[in-house]
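Before any comments, here is the structure.
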Amino acid sequence: MGYTISEKILLAHAPGIKKIKPGDFIEAKVDLCLGNDITSPIAIKEFRKLGRKKVFNQKRVVLVPDHFLPAKDMKSANQANILKEFAGEFGIVNYFELGKMGVEHVLLPERGLIMPGDLMIGADSHTCTHGALGAFATGVGSTDLAYAMAFGECWLKVPETIQLRFTGKLKKWVGGKDLVLHAISDLGVSGALYKTIEFTGETIEALPMDDRFSMCNMAIEAGAKNGIIVPDKTTEKYVKAAIRKYKPVRKTYRLFRGDKDAVYSDIREYNVSGLEPVVAAPHLPSNGKPVSEFQDVKVDQVVIGSCTNGRISDFAQAAAVLKNKKVNPRTRLIVIPATQAVYLEAVREGYAEIFVRAGGVFCTPTCGPCLGGHMGILSEGETAVSTTNRNFVGRMGHPKSYVYLSNPAVAAASAVKGVIAHPADI
Amino acid sequence: MILRGKVHKFGDNVNTDEIIPARYLNVSEPEELAKHCMEDADPDFAGKVKEGDIIVAGENFGCGSSREHAPVSIKAAGVSCVIAKSFARIFYRNAINIGLPIFTAMEAAEVLKPDDRAEVDVGSGQISKAKRKKTYSAEVFPKFIKEIIRSGGLMAYAKKK
């Protein structure tokens, strides 16, 4: 019986174990562990309780204060400071101070810190994003992070794999975000609970990396442990460029692929050649429907950014819609590049100017409004269209506010129209 | 050990944004987090919950963010255990890691009603309404998880190692 790519990566990180199967528990070696300004303070407190003088590897612990920075208030400044002091004391190489900081799941791949074949844990649920590189990356909690910082290990249950096969050529204005919203509307928010989602098929093979990241990013919204895409030429090109540009400590990687006789708990096929852009209505990411089914939904705020859609190609799409257009007077447009590199490129390419001339704001990298942190909180009764990943009750502000999830082009079109709109109608 | 408490009932897909909204995540002290426990699912919860009370919920309890603040706030609010039809996986591991007892029990989650008094035998995973003979079984934990639970959480397990 063969292995899936996820099983192969887990097996390669489980010393002394010769065979694994779904349901087995392993104490796996992690290549990288990650924390942010919300989850790390608890992890650091737990780590200190162990009384250890060192982290397992100073180069493999990554701390990114991206959620509430630039500090939104004194308490969040205090939280961020816990990371800074810890990083100084323990010689953490990859601590990212404001100015270098970016949204963690965009920053790490960009800098070549996460590689194909890696096993990574992150105290952030969207750690599954990194599976787009052919790595096994999963979200855990703060105590798990503390344990990994100390021992370089994490307990994991080997998940079953659901394979999602996509066929067909995508229409204009349709991308990775639409594919994953479409899949989640089919699976439901717990349809992949404890499982791996493996995205495959000719449509995925033709997708650029940015779109692949968007897809793996939202695997958690179907309850999955990780999302993964078998690495190919597109992956290698991306990784090699990151290595050239940022010269990370580790420059080697391993390309895993599943066996022909690998076992899947479920295989689903989607022909997506006719797929329209998908919008997920409040209050679950699984409420996805074609954008044309949303009529006269008035929009108070549009957010373009986040670990789902804060990459340069996302802004290219939004800029294509917003060029020489004005944001509707009843709507606010907030654009947040995920990293400093994306920010600079958006300036160089002229996208930043397009957003500002249209009447939007172009902000410093942060998770900010995605989780109702800062820089765009909704008041009671307000509605947002957002390129982020969650539309739970109160996610972006008041418990009686409403978030619709979409791709960047739909978000931009909705900003212009002041109602949920198809980019082709602009 | 037997846990006894009043039932607070919630539905399916209760997410961590409801359990502890991000607006309170600029602190990590358990007693501060407890003040806002379950606030966006039931704004009165923190005011009415009593030491030992039990949360009973539907499918996929604790979905969403990885914030350990969610089980921490529940534990610090005095809740003795959570019974659900199923748990989201990061919440599940966080609860195990910090020593908040959780039970996956389809039937019990169905039968227990708001304000019932419930009893949970932690060792055997048997759940019942107070003063009733009929018991409902929770799923048995795998051996590896049992070891972490028996140690009192992941950090205690680590110290033993």
FRET efficiency for residue A:19 and residue A:289 from the Cβ-Cβ distance with R0 = 45 Å, rounded to 0.05, comes out at 0.55
Relative contact order as a percentage, chain A, C-alpha pairs under 8 Å and 6+ apart, gives 18 percent
Heavy-atom accessible area per residue of the stretch A:143-224, all protein chains kept, 1.4 Å probe, expressed in Å², is 25 Å²
So the FRET efficiency between residue A:400 and residue A:344, C-beta based with R0 = 56 Å and rounded to 0.05, is 0.90
Fraction of alpha-carbon pairs in chain A farther than 43 Å apart, rounded to whole percent, equals 8 percent
Mean accessible area per residue over the stretch A:280-426 (1.4 angstrom probe, all protein chains present, square angstrom) is 34 Å²
So the FRET efficiency between residue A:236 and residue A:59, C-beta based with R0 = 30 Å and rounded to 0.05, is 0.85
Residues other than residue B:154 with Cβ under 9 Å of its Cβ, Lys/Arg counted +1 and Asp/Glu -1, net out at -1
Rounded to the nearest 5, the percent of antiparallel DSSP beta bridges in the protein assembly as shown equals 30 percent
Simple spin-label estimate for residue B:121/residue A:380, 7 Å along Cα→Cβ, in nm, reads 4.9 nm
For the stretch A:278-425, percent of DSSP beta bridges that are antiparallel (nearest 5) comes out at 25 percent
Of all trypsin sites (Lys or Arg not before Pro) in the stretch B:118-153, the ones in DSSP coil with at most 15 other Cβ atoms within 10 Å are B:131, B:132, B:133, B:134
The stretch A:278-425, Kirkwood Rh and Cα Rg, ratio Rg/Rh at 0.93
The aspartates and glutamates whose Cα lies under 12 Å from the Cα of residue B:6, excluding any fewer than 8 residues away in the same chain, are B:51, B:53, B:115, B:116, B:119
Averaged over the residues of A:40-51, the number of partner chain Cβ atoms within 10 Å of each residue's own Cβ comes to 3
Buried accessible area between A and B, both sides, 1.4 Å probe, in Å² rounded to 100, is 3700 Å²
Taking a crude spin-label model, label points 7 Å out from Cα along the C-beta direction, the residue B:29 to residue B:137 distance in nm is 4.5 nm
Over 31 Å (Cα to Cα) among A:172/A:400; A:8/A:233; A:240/A:260 -> A:172/A:400
Any aspartates and glutamates whose Cα falls less than 15 Å from that of residue B:159, other than same-chain ones fewer than 8 residues away, would be A:46, A:144, A:153, B:147
Inter-chain shielding metric for B:9-15, i.e. average beta-carbon neighbours from other chains within 10 angstrom, reads 3
Quick note, the stretch A:43-93: a/c under 1.5 would make it rounded; otherwise a/b > b/c is prolate and the rest oblate (a ≥ b ≥ c, C-alpha gyration tensor); here it is prolate
With the 1.4 Å probe rolled over protein heavy atoms, the stretch B:46-161 has an accessible area per residue in Å² of 41 Å²
Ordering B:38-44, B:101-107, B:67-73 by per-residue average of other C-beta atoms within 10 angstrom, highest first, gives B:67-73, B:101-107, B:38-44
Per principal axis, largest first, the Cα atoms of chain B extend in Å by 45, 42, 24
Taking a straight Cα-to-Cα line shorter than 13 Å from residue B:143, and setting aside same-chain aspartates and glutamates fewer than 8 residues away, one finds A:24
For peptide A:184-193, the mean count of other chain Cβ atoms within 10 Å per residue Cβ is 3
In nanometres, the difference between 0.36 nm per residue of separation and the alpha-carbon distance of residue A:167 and residue A:326 is 53.6 nm
Place a point 7 Å from the Cα of residue A:78 in the direction of its beta carbon; the residues of the stretch A:118-144 whose amide N falls under 17 Å from it are none
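The values are calculated or read from the model by the stated rules, or taken from the named source; none is laboratory data. The shown structure was predicted, so the numbers you read here are calculated from the model rather than taken from an experiment. Cβ: placed from backbone, ideal geometry, glycine included. Neighbour counts: every protein chain shown. Quick note on the areas: whole protein, heavy atoms, side chains included, nothing else; ligands and nucleic acids left out. Shrake-Rupley method; radii C 1.70, N 1.55, O 1.52, S 1.80 Å.
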